[in-house]
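Input: a single structure, listed below in structure tokens.
The values are calculated or read from the model by the stated rules, or taken from the named source; none is laboratory data. Small disclaimer: the values here were computed from a predicted structure and weren't measured. Here Cβ is always computed from backbone atoms with ideal geometry, including for glycine, and neighbour counts include all displayed protein chains.
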């Protein structure tokens, strides 16, 4: 992606989640997946155009109709938002983030064990450093 990723509003994020799930869609397809009470068609259309201006979405034109598709993967946006969360609320410390979830009882010992196993697996798959 050209430029820098930007935080999305809740409405923009909701539309992006639908686009990530659908891979490509017309505004009516996105609207059909939204929960009741559904926003107006024009509201969703405006949000999609804003996402396009921000560089998150592109389109293919079929006459006057546009089919939209994501330019940013869900994984890349997740990485970006998680990085912002850690730096803005946990002083850049992933350890502080995990400690917070443990204190809030959102993680238990089995969750931590799974995290450690995933980290060990990641270390095994990482190429050796050239130091």
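Below, the figures for the structure above:
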{"quantity": "Residue under evaluation residue 123, criteria (1) surrounded by fewer than 10 Cβ atoms within 10 Å (Cβ to Cβ); (2) at pLDDT 80 or above, criterion not met", "calculated": "(2)"}
{"quantity": "Subset tally (residues that are part of a helix (DSSP H, G or I) and surrounded by fewer than 14 Cβ atoms within 10 Å (Cβ to Cβ)) for region 27-42", "calculated": "4"}
{"quantity": "Region 2-26, subset touching a helix residue (DSSP H, G or I) at 6+ places or on another chain (Cβ under 8 Å) and in a loop (DSSP other than H, G, I, E, B), residue farthest from residue 79 (Cα to Cα)", "calculated": "8"}
{"quantity": "Residue within region 55-68 that is part of a helix (DSSP H, G or I) and either surrounded by 12 or more Cβ atoms within 10 Å (Cβ to Cβ) or out of contact with any strand residue (DSSP E or B) (no Cβ under 8 Å at 6 or more places or on another chain) (or both) present", "calculated": "no"}
{"quantity": "Any hit, region 83-94, residues being touching a helix residue (DSSP H, G or I) at 6+ places or on another chain (Cβ under 7 Å) and closer than 16 Å to residue 25 by Cβ", "calculated": "no"}
{"quantity": "Qualifying position, being under 28 Å from residue 94 (Cα atoms), free of Cβ contacts under 8 Å to residues at least 12 places away in the same chain and surrounded by 12 or more Cβ atoms within 10 Å (Cβ to Cβ), among 46, 82", "calculated": "82"}
